[in-house]
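Report on one structure; see the data block that follows.
The values are calculated or read from the model by the stated rules, or taken from the named source; none is laboratory data. As the structure is a prediction and not an experimental result, all values here were calculated from the model. No Cβ is skipped: glycine too gets one built from the backbone with ideal geometry, and neighbour counts run over all protein chains shown. Areas reflect the complete protein model, heavy atoms only, side chains present, ligands, DNA and RNA absent. Shrake-Rupley method; radii C 1.70, N 1.55, O 1.52, S 1.80 Å.
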Amino acid sequence: MTRSWDQIGKAAAFSTLLWSLVAAPVAGAQTGANSEEDSQTNGLSGFEAFAAEEAMSMAELSPNGKHIATLQRLAKDGKQVVMIYDVDDLSVKPVTLGSARMDIRTVSWVNNEKLVVRFSQDVDTLQDLGADTRLVSKLAVVDRKGKRWLEIPRNRSDRRSEFAKTIENFSAASIFDILPEEPNHILMRFDDDQDFIDDFFKVNINTGSARLLARNTRNLNIGYIDEDGDPRIARRFDQGDEAIVYLGRLKDSGEWFEIGRTQANLENTSRVFEPLAMVEGDNPDLVYVASNHATDTAAIYIYDLRKREMGEMQFKHPRYDATGVARVRDKNFNRKLVGFWYSGKAGDLYVVDPEEKALYDAINQVLPDTHNIIVSRSRDGNSYIVEAEGPRMPTSWYLLKNNKLDLLGQSMPFLKEDMLADVEWVRYKARDGLEIPALVTVPNGEGPFPVVVNPHGGPIARDFWGFDLWAQMLAYHGYAVIQPQFRISTGFGRKLLEAGYAQWGLTMQDDLEDGVTYMVKRGLADPDRVAIFGWSYGGYAATVGAFRDPNPFHCAISGAGVADVPYFRAWLADNGTFLEKAYRGTVDGLNPLDHIDSVDVPLLVIHGDIDERVPVAESRKLVRKLKEYGKQHEYIELEDANHFFGTIYYRHWMEMFPAMINWLDNVCGLKPAS
């Protein structure tokens with residue numbers, strides 16, 4: 001017997017649901033390696049299996065649910081292409097869009113027949129014109145059979161005569177929104193008048209022609225345009241107050257007015273105010289906002305633009321910040337609220353709609369060990385794509401249709417379940433009593449293990465439960481990993497956040513060291529084999545971990561870390577995002593360059609040579625100091641590597657991963673028992 005989804009949602013047992021894991025011709029057979037190095041990884045060595053580019057990175061249903069567009073790679077270090085499948089028969093050879101001359105970054109359906117793709121191309125003449133990159137990012141509309149390729153927006157000038165910087169600026173065009181009720185148009189942002197400021201346009205996907213909707217200025221950045229094309233929410237940055245100022249506008253008025261601020265400095269405690277979306281319904285002047293004006297954790301409210309006041313609280317979690325609203329379109333094509341997002345251990349959804357809850361309950365019973373999110377659905381509500389991720393399952397995609405959940409593909413098919421480790425969500429007390437959340441990855445085998453403390457970047461950021469490439473690679477090689485969500489981590493409320501202000505290398509570092517104490521007490525860590533590794537802010541923390549006294553660490557690896565805090569704080573004033581500028585005043589504490597004489601453990605330094613977030617000059621300054629003081633170190637500079645995932649590639653991972661394990665195992669002498 002096969003039950004309907006309504007029945008399944010109400011049932012306590014779920015054994016009757018058909019779960020058909022089909023061998024769909026998607027990501028599972030993409031890398032095609034023939035090596036016999038390691039049968040456990042289908043021909044890839046352990047390092048290669050972790051370093052391989054994602055075989056699949058997304059899947060989306062067409063509005064009518066008849067086709068699925070996916071982004072895939074055909075080789076472990078290949079470029080992404082679009083592959084379009086027939087939902088009724090996934091075994092039919094897919095239509096493939098792409099070429100060796102382009103790397104497709106994103107794809108989205110505009111209507112049932114056409115898609116919009118973002119792709120990058122290597123333009124070798126660009127650097128000759130003075131640019132600092134060879135890559136140009138472009139947008140194009142293509143039909144699902146791949147027969148017509150139209151670059152958008154339609155070029156209005158002869159690019160052969162443009163300056164390189166203008167080319168780069170023009171190529172930064174982006175999709176702002178798909179217009180489901182206008183299937184032949186999309187909303188785009190791009191710089192049409194070459195003033196280096198993006199403006200908003202409605203673009204015809206059949207001709208590429210664009211009609212101006214709204215202009216931004218240097219002091220006004222529009223963030224929300226309603227379905228009538230009217231700008232409703234904007235923001236600006238108040239330099240004097242170092243605050244992000246959010247502005248609203250009534251439906252029947254052209255006047256902008258302040259509705260709230262996001263701000264963080266040492267004189268004023270953190271204030272969070274963020275408009276999320278216009279409220280569904282008949283009143284066009286109501287806005288969902290996230291705010292912590294009256295609570296420790298951010299809650300979601302309805303703000304009335306006409307009354308200029310905050311309304312009733314709609315959702316609050318006692319431990320985690322609320323981050324968004326979840327809405328879908330019903331069968332009459334009206335938006336309806338189905339839940340609220342909050343910063344739980346995996347970035348969680350609290351579902352309030354009964355039908356949506358029944359659907360999620362059913363999915364979660366079939367996939368109990370992963371975090372499951374519906375990322376795409378047909379307009380008739382009969383077909384869904386579910387994205388699932390867990391510690392032992394890198395991101396995977398399933399098609400849910402006719403009461404069957406079919407596996408479409410996996411992001412990292414070479415990583416088998418027995419190569420990966422379980423991850424615990426824990427909390428421990430810091431030395432001053434503050435509770436610190438953390439993720440603990442426990443390798444297969446019996447402890448105590450050598451342990452790596454892995455602080456996240458940001459530092460106003462956080463880690464989420466699921467698959468983590470760094471942690472799983474280390475665990476595969478026998479290292480337990482703890483990822484403390486140290487004070488200043490976001491998503492856990494004001495108390496934890498504000499406790500880290502101006503505490504770089506100080507109490508923030510205490511939290512990392514106290515994580516070692518926690519692991520030792522649990523019997524998971526050998527106190528004589530402890531290392532610290534991090535990227536970005538985590539790289540800074542690893543450098544500090546090489547010289548603090550007393551020092552629990554015996555080894556350090558610093559990736560893309562800040563070494564000169566005063567310089568970096570000044571650099572953020574000109575180069576940071578609005579949010580980074582708002583928190584710039586909290587960037588203070590120990591300056592690593594002032595303490596290199598105290599470094600007492602081997603330090604491996606890694607940095608990409610085109611890093612746009614933390615300039616590579618930071619690591620170069622650090623290495624010069626290490627040489628000056630004769631400290632044991634090694635420096636790896638990754639050619640053509642940027643700062644973030646997606647800008648670091650297979651060749652970079654294959655340079656880093658073996659070097660990191662060699663550093664831990666052999667240089668620092670922490671090698672796990674066989």
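Tabulated data for the structure shown
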{"item": "Charge dipole (the chain, unit charges on Cβ, about Cα centre) - positive-most of Ala298, Leu213, Thr647", "result": "Leu213"}
{"item": "At 0.890 mPa s and 25 °C, Stokes diffusion of the chain via Kirkwood alpha-carbon radius, µm² per second", "result": "91"}
{"item": "Dipole of the chain [Lys/Arg +1, Asp/Glu -1 at C-beta], most positive-end residue of Val136, Ala502, Gly433", "result": "Val136"}
{"item": "The stretch 269-370 pair-distance distribution - Cα-Cα, 5 Å bins, rounded %", "result": "2, 12, 20, 22, 19, 13, 8, 3, 1, 0"}
{"item": "The stretch 605-654 - Rg over Rh from alpha carbon coordinates, Kirkwood radius", "result": "1.02"}
{"item": "Volume of the Cα convex hull of the stretch 373-440, divided per residue and given in Å³", "result": "129"}
{"item": "The stretch 266-404, accessible surface, carbon-and-sulfur percent (1.4 angstrom probe)", "result": "44"}
{"item": "Estimated D of the stretch 438-592 in µm² per second, where Rh is the Kirkwood radius over Cα pairs and Stokes-Einstein applies at 10 °C, 1.306 mPa s", "result": "101"}
{"item": "Of every Cα-Cα pair in the stretch 540-659, the percent that sits beyond 17 Å", "result": "57"}
{"item": "Given charges at Cβ of Lys, Arg, Asp, Glu: the chain dipole, positive-most of Gly281, Ile374, Val352", "result": "Gly281"}
{"item": "Per residue accessible area of the chain, 1.4 Å probe, in Å²", "result": "42"}
{"item": "Charged-residue dipole, Cβ positions (Lys, Arg, Asp, Glu), the chain about Cα centre, Debye nearest 20", "result": "1080"}
{"item": "Stokes-Einstein translational diffusion, the stretch 387-486 - Kirkwood Rh over all Cα pairs, 1.002 mPa s, 20 °C, in µm²/s", "result": "143"}
{"item": "Projected-area mean, the stretch 54-97, by convex hull of Cα positions, square nanometres", "result": "3.0"}
{"item": "Cα Rg, Dmax, the stretch 211-331, angstrom units", "result": "14.9, 50"}
{"item": "The stretch 194-279 - charge dipole about Cα centre, Lys and Arg +1 at Cβ, Asp and Glu -1, debye rounded to 20", "result": "160"}
{"item": "Alpha carbon convex hull of the stretch 450-529, volume per residue in cubic angstrom", "result": "97"}
